[in-house]
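Please treat every number below as a calculation from the coordinates, not as lab data. These figures come from a predicted structure and were not determined experimentally. Every residue, glycine among them, receives a Cβ derived from its backbone with ideal geometry; neighbour counts consider all protein chains shown.
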Number of protein chains: 2
Amino acid sequence: MGQFIFENRLSTLRSKFDPLGVDAIWIIQPENRRYLSGFKAGDTQLNESSGSLFITLDQALLLTDSRYTVQAQKEAAGFEVITHKQDPINSLSEIFDRLNTRRLGFEGGYLIWDLYQEVKEKASKHSPPVELIPLSRLVEDMREIKEPEEIEVLRTSARLMGDVLAQVIEELRPGQVEKDVAWRIETLIREQDADGVAFPPIVASGPNSALPHAILTDRIVGEGEPIIFDVGTRVDGYCSDMTRTIFLGNPSSYFKDIYHIVREAQDSALNSIMPGVKSTEVDSIARDIIKKAGYGDFFGHSLGHGVGLAPHERPGVGPLKPEVLREGMVFTIEPGVYIPGRGGVRLEEMIILEKDGVKVLTTNKNLYSF
Amino acid sequence: MGQFIFENRLSTLRSKFDPLGVDAIWIIQPENRRYLSGFKAGDTQLNESSGSLFITLDQALLLTDSRYTVQAQKEAAGFEVITHKQDPINSLSEIFDRLNTRRLGFEGGYLIWDLYQEVKEKASKHSPPVELIPLSRLVEDMREIKEPEEIEVLRTSARLMGDVLAQVIEELRPGQVEKDVAWRIETLIREQDADGVAFPPIVASGPNSALPHAILTDRIVGEGEPIIFDVGTRVDGYCSDMTRTIFLGNPSSYFKDIYHIVREAQDSALNSIMPGVKSTEVDSIARDIIKKAGYGDFFGHSLGHGVGLAPHERPGVGPLKPEVLREGMVFTIEPGVYIPGRGGVRLEEMIILEKDGVKVLTTNKNLYSF
């Protein structure tokens, strides 16, 4: 991504300072951090930050530790990198002074309770005291609408995944082991120009396919049973996410029927999506079809979710929280039906919402029309 | 792990209810959840929980969603599995009623600020109202002292990693690419009886080795330069973590000297560790040796950290927070010296602290004594 992209994003962020009543914003969420600065490091664990951003109207600081200084300087060209020793909290006073902070916005959806208490203590004891303002979904809202450069990368990520999955499905034979097939997927992804997998591949066969978040087992895949592949790559930070359910040989009419219903639910949902439509409406279109077919109790998860720097991000497409779908959003549509002990069918496409409807980014391979 | 292990852990936890003044404890942290229940699912993202535990003196509930119900029932035998629909917050009232909760302990070191606000609102509006009590390091403290069964698995995890790394180092030739070498490590781990890597392998050569958290590049490894391997496996959930710095051919006297200093710092630290010694003292023994040799500014990170279900956990072994080292703790000792632009040396062993001193769990292969 060119440097101007990060400058544009900072300008957008800064235009929100006034309405939010903040004079500085503290960014700790790894994808938000990368989105605004270009700094690619992830957090190795929840409670281990590789750095955070402090942004004011005229300054942009990246606070990190010595493990990441060089990387941060290289990747976050628009930020001044400050290296703290051991504990970032101890650097807060210095940063408050330097930025002349009075009202600091923080990410309420990411800051851990304990850390909030520590920061609040430092902030209130600072002279002059600093007020903490929780911000909700600020950068997440920006990330929801993808820029052309992001769409290009997401398209590449989806195409790469589709190609790899098609090859693995072509090679698939009864007698292969779930774990080995998943490993084959990882290996093929690694041989491409990708960062790696976006999440551990799911390969779930027979009764395992009835678990929407199946863990890999040593189960041998057999003929006629549903085999669910839920897979994603990461290319230049951007994730793809797609699901196919396939059968080696002929499925029973029972699963043919379920497959048909899931595809119909998916197609109807896809056809209903236009800018301005609510996510809950799209969810209910798919859910109603599954309900009417008698499988309402066997579709427990949301219909879809946004995809970008995170495998799951805004917008959510579920039954509970209505969100207006807008041009430039990239998200999945993935209805499923899961019969405990028997098996399941899930189909997932990743789409971009354009002015006049959806364009599917995932390749349309390995789909049946029973 | 046998079911009695989880029962013992719950008993230990329950013995702390009275001093803490709670009648129920809510566990959301994935490793703590697994430690207490056996439920192996991780959280797919920070803001996406695969479930949480509610524990009282006589009940143990696991709240999850339909994606994980079957897995939870299978793995968390001592827990009653409750499946919520869409939003776990909506199930809180029901759970408070059922458990007759008045004072709920929560993990302050893991609960996100936004979620805390939501839960607090539900809790205060509940009839009778529920008070939220932040708990600090409760299960983390239990996890700090490893049980014999855990030590066995950690030993296996470390041995497996040592064997794989020795093989990769034996195969290493000038002209190989960092990324490919790292992939070879992942592949060999996968061929063993392991869950996978504990964290993405670091292979950092030449100037890249000066970055303590180097990212993999397409750099070709060359003769005479330092090449750092920082690698770990996960076996039955338990991590290993080890670092070797190697040279193909002869290192310069400059790096020989640094290597010698780092090893001396490590050896001295290891020899100083006994039950009852403070972590900060051990850190300063290693740090002083590096300082005296003139490289004090080039060792910016902590000396070590605990290893267990998480790759980094208690105890921390650094210069700031003193922690008394005790029998049964498993942690790393990993001094390093990093010369920007030139290269670095880090050596890391993973050890168990026994009654009469440390036992190194990582294999002592691939070490030089210049």
Springs between alpha-carbon pairs under 10 angstrom, Gaussian network model over chain A: which of A:ALA293, A:ALA269, A:ALA182 fluctuates most? A:ALA293
Counting other beta carbons within 10 Å of each residue's own, what order do B:MET161, A:MET242 fall into, fewest first? A:MET242, B:MET161
Rounded to the nearest 5, what is the percent of antiparallel bridges among the DSSP beta bridges in chain A? 75
For the B:GLU7, A:VAL277 Cβ pair and Förster radius 60 Å, calculated FRET efficiency rounded to 0.05 is 0.70
Using a Förster distance of 30 Å, the FRET efficiency for A:SER15-A:ASP97 (Cβ separation, nearest 0.05): 0.70
As a percent rounded to 5, the proportion of antiparallel DSSP bridges among beta bridges in the protein assembly as shown is 75
Exposure proxy ranking, count of Cβ atoms within 10 Å, fewest first, for A:MET1, A:MET329: A:MET1, A:MET329
Among the lysines, which fall within straight-line cross-link reach of B:LYS179, defined as a Cα-Cα distance under 22 Å, with same-chain neighbours fewer than 8 residues apart omitted? A:LYS40, A:LYS74
Given charges of +1 on the Cβ of Lys and Arg and -1 on the Cβ of Asp and Glu, with all other atoms neutral, how large is the dipole of region B:10-65 about its Cα centre, in debye to the nearest 20? 200
Pairing the Cα long axis of helix A:279-290 with the longest principal axis of chain A, what angle in degrees results, from 0 to 90 and rounded to the nearest 10? 20
Per DSSP H run of n ≥ 4, the term is -39500 (n - 2.57); total these for the protein assembly as shown, divide by its residue number, and report the mean residue ellipticity at 222 nm rounded to 500 deg cm²/dmol. -11000 deg cm²/dmol
Shape call, region A:3-143: gyration tensor on alpha carbons, a/c limit 1.5: rounded
Just to verify a number: FRET efficiency for B:GLU327 and B:ASN364, C-beta to C-beta distance, R0 = 22 Å, to 0.05? 0.50
Could you work out the local net charge near A:ASP356, counting Lys and Arg as +1, Asp and Glu as -1, over the other residues with Cβ closer than 14 Å to its Cβ? +1
Measuring from the longest principal axis of the C-alpha atoms of chain A, the long axis of helix A:253-272 (C-alpha) lies at a number of degrees, nearest 10, equal to 40
How far is it, in nm, from the label point at A:LYS256 to the one at B:SER124 when both lie 7 Å from their Cα along the line to the Cβ? 6.0
May I ask you to report, in nm to one decimal and beginning with the shortest, the distances from A:PRO174 to the same position in the other copies, taking label points 7 Å along Cα-to-Cβ? 5.5
In the protein assembly as shown, if the dipole is taken from +1 on Lys/Arg beta carbons and -1 on Asp/Glu beta carbons about the Cα centre, which of A:LEU367, A:ALA182, A:THR101 is farthest to the positive end? A:THR101
How many angstrom lie between the Cα centre of region A:169-217 and the Cα centre of region B:323-363? 36
For the protein assembly as shown, just say rounded, prolate or oblate: build the C-alpha gyration tensor, square-root its eigenvalues into a ≥ b ≥ c, call rounded for a/c under 1.5, and beyond that prolate if a/b exceeds b/c, oblate if not. rounded
7 Å along Cα→Cβ for the label point: how many nanometres lie between A:ASP97 and each equivalent label in the other copies, listed shortest first? 5.6
Using a 7 Å offset from Cα along the direction of the beta-carbon, what are the separations from A:GLY42 to the same position in each other copy, nm, ascending? 0.8
Gain on full stretching of the segment that runs from B:LYS179 to B:ASP267 - 0.36 nm per residue minus C-alpha separation: 28.6 nm
Which value in nm describes the separation of the simple spin-label points at B:ASP288 and A:GLU191, placed 7 Å from the Cα toward the beta carbon? 5.6
Below 13 angstrom from the Cβ of A:ALA194, what's the summed charge of the other residues (Lys, Arg +1; Asp, Glu -1)? -2
Would you order A:LYS125, B:LYS122 from fewest to most other beta-carbon atoms within 10 Å of each residue's own beta-carbon? A:LYS125, B:LYS122
Entries in B:LYS16/B:LYS321; B:LYS16/B:LYS355; A:LYS146/A:LYS355 that, when Cα-Cα distance is taken, lie over 18 Å: B:LYS16/B:LYS321; B:LYS16/B:LYS355
Classify chain A from the C-alpha gyration tensor, please: rounded if a/c falls under 1.5, else prolate or oblate depending on whether a/b exceeds b/c. prolate
